[in-house]
Every structure is written in structure tokens, then in C-alpha cells.
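Colleague: Pasting a structure below so you can have a look.
The values are calculated or read from the model by the stated rules, or taken from the named source; none is laboratory data. Owing to the predicted nature of the structure, the values given are computational and were not obtained by experimental measurement. Methodologically, a virtual Cβ is constructed for each residue, glycine included, from the backbone with ideal geometry; neighbour enumeration extends over all protein chains shown. Calculation scope for accessible area: heavy atoms of the full protein, side chains included, ligands and nucleic acids excluded. Shrake-Rupley method; radii C 1.70, N 1.55, O 1.52, S 1.80 Å.
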Amino acid sequence: MEIREEPLPPLEKGDWLIKVIASAVCATDAKTYLRGHPFKKPPAVLGHEVAGVVVTAPRTINNKDGPREGDRVAVAPYIPCGHCYWCSNDQPTQCPNLFAVSIEPGGFAEYVRVPAATGGRGLYHLPGSLDYAEASLTEPVACALHGIEASRIRAGQTVFVIGDGPMGILLARLAKAFGARVFLSGMLPHRLKIAAQGLDGIFDASREEVDLRPCTQGRGADVVLIAAGVQEAISQGVRNVRRGGIVNFFAGLPQGMSFPLELEQVHYGEVIFMGTFGFSPGQFARALEFIASRQIHVGDLLTERYPLAATEQALKDTLAGKGLKGLILPWGGEV
């Protein structure tokens, strides 16, 4: 990885130019740095959890009600097309053109271009009291919200989250906001300490056998959300779901990874196995509302801050499990 000066992204008619104030580091960024990504061919600028301020806005009809110069915004990194087969069937995350319209070059930069083709659907005004740092987490909260909604989580259910990283904690906090009884399993004490706030129970899988049955009258969890892409997390989730429950493979999984499944659990136990990825524009908007209204708290997840020149160190720290989540500040200062 290298830091270098590049010209501003060239603007076409109807584009927006955003000054990036805060760009959070995602585990996907770190894994892409480590081993590549099918959707990010090098050379590429990483970063997709962005909040900033509008520098240039189009003066055309597609911005009639959109952000203007000086507006503070959260930036969705991609937008589904809205008219393909999958979008028409309310599955926008499966849109074959999902990444055809995305920010350029990437969030780990001083400026990004938001293409005119988004029609402004990728920019969301920040409420006056919300800072850029917390707003940068709108994208991961939106992904977690998609997982919660697709798993049909409702008040009174028991939800078991496996994974003590930022996404696991966000899933747990959202499930709690939906009225569920929430337990979480993880491996790192410094993360479990933060995760424990407001939840109904915590398991340290490095020290104890994780068994949810004593907490659920012997049944197991109504919904299991697997937020760690390793075999043991999957095994733990499959062991702890109740008959008729749901297991959501939420974490990104390496290509070719498989898991032996006892089909009796599917047929006679009627357990639903599913996965979720990404978010819809509506979920991005609702995620920002969850953050701004303090229905969930996200500020304590941002444990590390870095200047743009230290982006590579931020990615290495993420891979090493330092803190919880890093934040790149291209312009420095407080956000």
C-alpha cells in the first residue's frame, strides 16, 4: 500500500464531490488488504464507510431536493439499480449492477465523487447533533439492520450473536432495540467488556463451553447470527439454535468454505439456514435514524483514530484485533 497525491476525481454533469471527514475501517477493507477481493481489483482505494461534507452539488433537476454545497452527509458506497429482476422482487442486495454505481475512488481519500446516476440516493443529511465519526458507521449499521430484518427478529425472542467484533456488537445492539433477549459469544476480553453493556448474557468462548440451553429452558436460540467467518463459530451457531429457529450466516466467508450439515436438523427440526449481505437504500436511511436517535449507541466502537498517512497501520491493527474499530481522518482534528 502507498499514499500518493492524485488529481481530484473528474466530475461529470450531475455528480457530487464530497470532502471526506471520517472514513471508518471495515474488516472487509483489512481482509482485502491481506488477500484481495473479487470486487476490488488493484490498484484500488479502499474504504466505504464514509461521512463528509458536500463540496460540489449538481444544479440539475436530479438534485432538486438533494444535498447542497456545505451540507453534512453520510455516503452510501453503492446503490442498486432499482429496476432489475432482483430489485423488482425486493432483493436489492442481489442486484447484478450493485457495484456499477459507487463512490470513486474510495473512502480512504480526501475527496470522493458520487456519480450522477445515483440521483442523490446515496447521500443522506446528518442531523445537526450527529458528528461525522458516528455517522461514518451508518453503512455497517445498515448491513446489520438487513441481517436483523431478514432474520425476522421481534420482541420477546432469544437472539444469540456469535462474534465480538464491531458487526457482532452492532447486531446485538440492534436486536436489543427490536425488543429481543440477546446473548453474545466472543473470544477477546477487551471486546466482550464493551459488548456486555445492555445485553442479557456474554460467553467467553476461549474459556468456557458455549451452551445457550440453560438460558432458554433447554430450547436454544430463536435466531442465531454468526458474525465471525470461522468454522468454530458456525459449529457454535448450529449447536445452539432451537428446533424451528433461524441461523443467519452473516459474516463474510472465504470462497470455497463449506460446513457439514446434519439434514435431519433441516427436515425434522425445520431450522432455516440463510445468509445476508449488504443493505438497501431504505435500510441505510433507517440505520442513520437509529444512530441519530440514540436507539443504538455506536461511538464506543470507534476506539482507534488515524491520519490518512497511517491507513496501512490501521488495516494491520484491524487484522490484529487491536481495539474495536479504526477511523481514518483525512483532514485530522476532531469530528
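Colleague: If you scan the range 1-18, which residues turn out to be among the β-branched types (Val, Ile, Thr) and over 22 Å from Val73 (Cβ atoms)?
Modeller: Listed by number, the list holds a single entry, Ile3.
Colleague: Which condition number does Leu11 fail, the rest of (1) within 25 Å of Leu253 (Cβ to Cβ); (2) part of a loop (DSSP other than H, G, I, E, B) being met?
Modeller: Failed condition: (1).
Colleague: To continue, here is another question. What is the one condition in (1) surrounded by 14 or more Cβ atoms within 10 Å (Cβ to Cβ); (2) at negative phi; (3) at pLDDT 90 or above that Gly47 does not satisfy?
Modeller: Unmet for Gly47, out of (1) surrounded by 14 or more Cβ atoms within 10 Å (Cβ to Cβ); (2) at negative phi; (3) at pLDDT 90 or above: (2).
Colleague: If I go through the range 111-125 residue by residue, how many of them are in a loop (DSSP other than H, G, I, E, B) and open to solvent by less than 10 Å² (accessible area, probe 1.4 Å)?
Modeller: 1
Colleague: Inside the range 238-257, can you point out the residues that are open to solvent by 70 Å² or more (accessible area, probe 1.4 Å) and not in a helix (DSSP H, G or I)?
Modeller: Arg243, Leu253, Gln255, Gly256
Colleague: Now for a separate question. I'm checking my understanding of the structure. Among residues of the range 20-50 that are without any contact (Cβ under 8 Å) to a residue 40 or more places away in the chain and part of a helix (DSSP H, G or I), which one is farthest from Ile3 (Cα to Cα)?
Modeller: Checked the range 20-50; the qualifying residue farthest from Ile3 (Cα to Cα) is Arg35.
Colleague: If you check Phe99, Phe108, which single one turns out to be in contact with a Pro (Cβ under 9 Å, 6 or more places away or on another chain), touching a residue at least 60 places away in the same chain (Cβ under 8 Å) and open to solvent by 60 Å² or more (accessible area, probe 1.4 Å)?
Modeller: The conditions single out Phe99.
Colleague: Something else about it: Any chance you could count how many residues in the range 258-274 are under 19 Å from Ala150 (Cα atoms) and open to solvent by less than 80 Å² (accessible area, probe 1.4 Å)?
Modeller: So the count comes out to 5.
Colleague: From Leu188, Leu212, Leu192, Leu174, grab the single residue that is free of Cβ contacts under 8 Å to residues at least 40 places away in the same chain and either closer than 25 Å to Glu304 by Cβ or surrounded by 18 or more Cβ atoms within 10 Å (Cβ to Cβ) (or both).
Modeller: Leu192
Colleague: Then there's this: Quick one: which residue in Arg113, Arg121, Arg68 is under 25 Å from Val298 (Cα atoms) and basic (Lys, Arg)?
Modeller: Result of the check over Arg113, Arg121, Arg68: Arg121.
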